[in-house]
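The structure appears below as structure tokens.
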Amino acid sequence: MPSTRSKRKLKSAVEPSKKAKTQTVTSPRKTALKEPVLEKMVTDNQSDKSCSDSESELESLDEEIILCEERRRMNLKLNAEFFSSLQIEQAKANLQESKRQKHPKPSQRGLKREKLVEPINRRSSLRLQKKDPEGIPLPPEALINRADYLFYHEPVVEHERPPSGPLQMTESLYSTVTVEEHKVLMELRDKMAVKPLKSNTISFTNFSKVLDKLVITENQVCKVVPERTFSVAVHPMEDSILAVTGDKWGRLGLWNVSSTSDAVVTYCPHSRPITCIDFPRENSHLLLSCSYDGTLRCGDLHKEVFDEVYSTPEEADILFRNFDYPCPNTLLVSRNDGCVALVDRRTKGTEAEHTYRIGQKSMRTVSIHPLERHYFVNAFVDGRVCLWDLRNLKEKNNKPLQTLTHGRSLNSAYFSPITGKCILVTSMEDVLNIYDSCNISEISLKKSIRHNNHTGRWLTGFRAAWHPAREDVFIVGSMNRPREIQVYGDDGHILRSLRSEEYLNSVCSLNVFHPTRSAVVGANSSGRLHVFM
DNA sequence: ACTCAATGGTGCC
DNA sequence: TGGCACCCCTTGAG
């Protein structure tokens, strides 16, 4: 039961507010507030006076409430002014803008995403139930060691090597690509003829003017393969720019850049990264590709087949890294097991003619001397560039004619394309080296360029590449921000940095010049191609 | 012989 | 829509 005292308290607390309302409308007063309302009420309680006694007090309480309300409004106004003076909205907008610039939305053109299907989990039955092969539950301790950890984290998706022998292009289409799109691409076949390549006669100065005109537009960025690119090439024909790239899981994407629609056709001729692709100039309807899956295939656009040219047993786990041509129909293939293989494209079967062991460790690239085609250099991962003579190679115990050492692993070593008078080396010791190989028996360092080649684990390493028709220009990716593709002169100076705030916002690890048209194709690590032309 | 961390872009949630 | 998990045969330091 509430006491009379407490009832009174209630009354005095409630009634004034009623009054205050009416007074606010009729005659608001402007007396200074002397005591806080709460304090006043507490005093009321303490004094325990009757209602009639506190009549005047109630009036002053009304005033106080009005004033308090006014002060509240004033505070609200001042606060609002203060916050607007901080320009938070402006700062927010700026932040959003800089974020957009830092992480712009990638181009949505090109290859469509594969429909998500429930992954087939081969091991869900017993392993994920923490049971051994007999179905007996494993003790929890058994899961702690590293081997088990790795086992549980093996990729769920299987990437099987395509069956040996010819592979129909239409049967190896990536799931979202239609046969119609393949047929449209094949219409390019009749325009593919190319003349033999001559040394580019445009002077260095004029060539740098041509470079100044290179631009990239919305239509010149396109997703061509679903995942990280490991190789890129451009068809030598002049009518259309046909760019091609190979990705991590053996997908090969062709993109007709000159077509008005997104003309992308993607095939799956391999099951592991495609490390080198090329349209040989003499037979430009062919598309050669080698892969970590231990096969080298030859796509024939007339036959619409990927022929198997050279392969090693899948279980041998030999990775093919790149190839070059000692003769038009012969390929020299570099492998990760310290061997190079000499392969004739026309012979039946998929065996190499010869396999030469030239080292114990893995190598990256091989590059044939363009004039004296029995010479080649290779780039070992242990930092050595070695010069070899194909005529003198034995099955094993080979000794290089010359060795150029580097402190770190190498990404590539390429002879200059016309005379072979220079060798361009990309090294993990953060340099691009140009060697003078005019005198093949005495190769010397000509120029060393500092260049950040630390692309890390997720990005394909840089491989500085010559212009196919020039000996004074090469191209390389860059880690610089804003993102850029760099064109260097053989004096070691940057001729041009190809940039675009709008259309180039990622690292293009691999880049190629078109041999005769002014066009550059750059491949980033998510399967997108960028064409400056 | 081993472990660990670094690296950038994306596409999913 | 922003945030962050994921990628994973690579290198170099410890």
When A:Leu504 is run through (1) outside any loop (DSSP other than H, G, I, E, B); (2) buried (at least 21 other Cβ atoms within 10 Å of the Cβ), the failure sits at (1)
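Residue-by-condition table, conditions (1) in a helix (DSSP H, G or I); (2) over 17 Å from A:Val225 (Cα atoms):
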{"residue": "A:Cys276", "(1), (2)": "no, no"}
{"residue": "A:Cys298", "(1), (2)": "no, yes"}
{"residue": "A:Glu308", "(1), (2)": "no, yes"}
{"residue": "A:Glu315", "(1), (2)": "yes, yes"}
Strands (runs of 3 or more DSSP E) completely within segment A:330-432 that count 2 or more residues being under 30 Å from A:His493 (Cα atoms): A:363-368, A:375-380, A:385-389, A:402-404, A:410-415, A:422-427
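Output the residues belonging to segment A:443-460 that are touching a residue at least 12 places away in the same chain (Cβ under 8 Å) and not in a strand (DSSP E or B).
Going through segment A:443-460, the residues touching a residue at least 12 places away in the same chain (Cβ under 8 Å) turn out to be A:443, A:445-455, A:458-460.
Passing the criteria: A:Ile443, A:His451, A:Asn452, A:Asn453, A:His454, A:Thr455, A:Trp458, A:Leu459, A:Thr460.
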Return the only residue of A:Asn322, A:Asn283 being in the same structural domain as A:Asp247 (by TED's automatic domain parsing), of a type outside the set (Val, Ile, Thr) and under 27 Å from the mean Cα position of the chain (by Cα). A:Asn322
Out of the residues in segment A:286-319 meeting the condition of being within 17 Å of A:Gly349 (Cβ to Cβ) and of a type in the set (Gly, Ala, Ser), tell me which one is nearest to the chain's Cα centre (by Cα). A:Gly294
Suppose we keep only residues that are in contact (Cβ under 8 Å) with a residue 40 or more places away in the chain and acidic (Asp, Glu) within segment A:154-197. Which one would you say is surrounded by the most Cβ atoms within 10 Å (Cβ to Cβ)? A:Glu181
Would you confirm whether any residue within segment A:485-502 is more than 26 Å from A:Lys198 (Cβ to Cβ), away from DNA strand B (no atom under 13 Å from the Cβ) and β-branched (Val, Ile, Thr)? yes
Can you confirm whether A:Thr347 is polar (S, T, N, Q), crowded, with 18+ Cβ neighbours inside 10 Å, more than 16 Å from DNA strand B (Cβ to nearest atom) and assigned by TED's automatic domain parsing to the domain that holds A:Val194? no
The condition from (1) open to solvent by less than 60 Å² (accessible area, probe 1.4 Å); (2) under 18 Å from A:Arg470 (Cβ atoms); (3) out of contact with any Lys or Arg (no Cβ under 7 Å at 6 or more places or on another chain) that A:Val366 misses is numbered (2)
For the list (1) surrounded by fewer than 22 Cβ atoms within 10 Å (Cβ to Cβ); (2) touching a residue at least 40 places away in the same chain (Cβ under 8 Å); (3) away from DNA strand C (no atom under 16 Å from the Cβ), I need the number of the one condition that A:Asn480 fails. (2)
Here the qualifying pairs (Cβ atoms under 9 Å; residues six or more apart or on different chains; first in segment A:198-227 and part of a strand (DSSP E or B); second among the basic types (Lys, Arg) and open to solvent by less than 60 Å² (accessible area, probe 1.4 Å)) come out as A:Val221/A:Arg109; A:Val221/A:Arg528; A:Cys222/A:Arg109; A:Cys222/A:Arg528; A:Lys223/A:Arg109; A:Lys223/A:Arg528
Using the structure shown, decide if A:Leu287 is of a type outside the set (Gly, Ala, Ser), within 21 Å of A:Glu308 (Cβ to Cβ) and at pLDDT 95 or above. yes
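Kindly indicate whether A:Val221 is closer than 17 Å to A:Leu498 by Cβ and open to solvent by less than 10 Å² (accessible area, probe 1.4 Å). Reasoning before the result, please.
Values: closer than 17 Å to A:Leu498 by Cβ: yes; open to solvent by less than 10 Å² (accessible area, probe 1.4 Å): yes.
Criteria met by A:Val221.
The values are calculated or read from the model by the stated rules, or taken from the named source; none is laboratory data. Computed from a prediction, not measured in an experiment: that's the story for all the values here. All Cβ positions, even for glycine, are placed from backbone atoms using ideal geometry, and neighbour counts span all protein chains on display. We work out accessible area using only protein heavy atoms, side chains counted, and drop any ligands, DNA or RNA first. Shrake-Rupley method; radii C 1.70, N 1.55, O 1.52, S 1.80 Å.
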